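Taking it in order: structure first as structure tokens, then the write-up.
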Amino acid sequence: MKNILITGGLGFIGSTLAKKLIEKKIAKKCILVDNFGGYINPSHSNFFDYRKKRIESLKKNKFIIERLDTNNFKALFNIVKKYKPSLIYHTAALPLAKLKNVNADEAKQGSVDSTINLIDAVRMQKNKKISLSRFVYISSSMVYGDFKKKTVNENDKKNPKEAYGIMKYSGEIITKGLCKLYDIPFTIIRPSAVYGPTDMNRRVSQIFIEAAINNKEIFVEGPNEKLDFTYIDDLVDGLILAGTKSKAKNETFNITFGKGRKLINFVNTLKKYYPKLKVKIKPKDSSKPSRGTLSINKAKNLIGYMPKVSIEIGIKKYLTFLRNQN
Ligand SMILES: NC(=O)c1ccc[n+]([C@@H]2O[C@H](COP(=O)([O-])OP(=O)(O)OC[C@H]3O[C@@H](n4cnc5c(N)ncnc54)[C@H](O)[C@@H]3O)[C@@H](O)[C@H]2O)c1
């Protein structure tokens, strides 16, 4: 049982991870560092803020919310000094590749500047009662750019094609380089198309499901486009293994469901619940990389990662959650 610090702790991934770490008694306390930021226009009619809901079920004495920006080195240094975490998950970053008005600098702040700040904060307090067993950096499948093979593994070429992926990959290089230099154990995780309860960033799965519930037409960009849809609980299981297994030390893992599915497959699964669903296929957006399956063999073999939730099961779970929210 230990103090675990999660940057972006009020986010979709960070908060679900905190919940599981507390439930499984891996964390004595979770320190959720967050700047209370947002990426979707809050005046949008479809926008719903899930942040209260995310921490509602967490026991108050088991987590601490610290409002700060991870770009503020001094504030971050003091948090690391105060709580002496033995495990850090760095999820705080601009989480979407496709946003209006997004610039490279905004993407750089979370993935590059904050990563340097965190590692430096740990380094400067090393041997002063802080003993970090793992720094886990959350990267993305966008580091690969267009998938050139049917299944992409961790050693395949990294060729990001937009600012988000470029900064995510830069954060990987910084994590690997600085952690080795300062002898800090690290693990890098590449998730993809994560979906499930309380996501509020209007990614493709949330847009499809909410359109179905609200009887609106669904637009599928690209008849053959595939994504390795990953249910949030599977990702969180993988993150816990990555942060706790010794064999994950200084390694990089794809953590996904491990099977690319066409966007239209996702919609057709939804059609089982909403048979009258209207769907229009549009041309693929060429600025987005073409993705597909990520190999999860390394995570399976080294740390025993075993995803359980196919889109058929995940959609059912997610729909149940959304219907209960009215
Ligand atoms: N959700 C996915 O499909 C997916 C896929 C691949 C990678 N990722 C990565 O996972 C991470 C978390 O994504 P998410 O889906 O939970 O997004 P999210 O928007 O729900 O969570 C991100 C949280 O980080 C906070 N934050 C951002 N910048 C910050 C800063 N500088 N200081 C303090 N807090 C800050 C935000 O306020 C937010 O609460 C991101 O790094 C994202 O790039 C997500």
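The table below gives the values:
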read-out: Sole exception among (1) within 13 Å of the ligand (Cβ to nearest atom); (2) exposed (fewer than 10 other Cβ atoms within 10 Å of the Cβ); (3) of a type outside the set (Lys, Arg) for Ile31, by number; value: (2)
read-out: Residues (modelled with pLDDT under 95, in contact with a helix residue (DSSP H, G or I) (Cβ under 7 Å, 6 or more places away or on another chain) and more than 9 Å from the ligand (Cβ to nearest atom)) located in the range 86-102; value: Val102
read-out: Cβ-Cβ under 9 Å pairs, at least 6 apart or on other chains, the range 268-297 side without any contact (Cβ under 8 Å) to a residue 24 or more places away in the chain and under 18 Å from Asn224 (Cα atoms), far side outside any loop (DSSP other than H, G, I, E, B) and of a type in the set (Lys, Arg); value: Asn268/Lys262
read-out: Tally, over the range 39-49, of residues that are in contact (Cβ under 8 Å) with a residue 60 or more places away in the chain and within 25 Å of Ser114 (Cα to Cα); value: 3
read-out: Number of positions in the range 1-20 that are more than 16 Å from Lys53 (Cα to Cα) and either free of Cβ contacts under 8 Å to residues at least 12 places away in the same chain or not polar (S, T, N, Q) (or both); value: 5
read-out: Residue in the range 77-85 that is within 12 Å of the ligand (Cβ to nearest atom), under 19 Å from Leu132 (Cα atoms), surrounded by 15 or more Cβ atoms within 10 Å (Cβ to Cβ) and of a type in the set (Val, Ile, Thr) present; value: yes
read-out: Answer residue from the range 168-209, given it is free of Cβ contacts under 8 Å to residues at least 40 places away in the same chain and crowded, with 18+ Cβ neighbours inside 10 Å and is nearest to the ligand (Cβ to nearest atom) among those; value: Gln206
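The values are calculated or read from the model by the stated rules, or taken from the named source; none is laboratory data. Quantities reported herein were computed from a predicted structural model and do not represent experimental measurements. Virtual Cβ from ideal backbone geometry, glycine too; neighbours counted across all protein chains shown.
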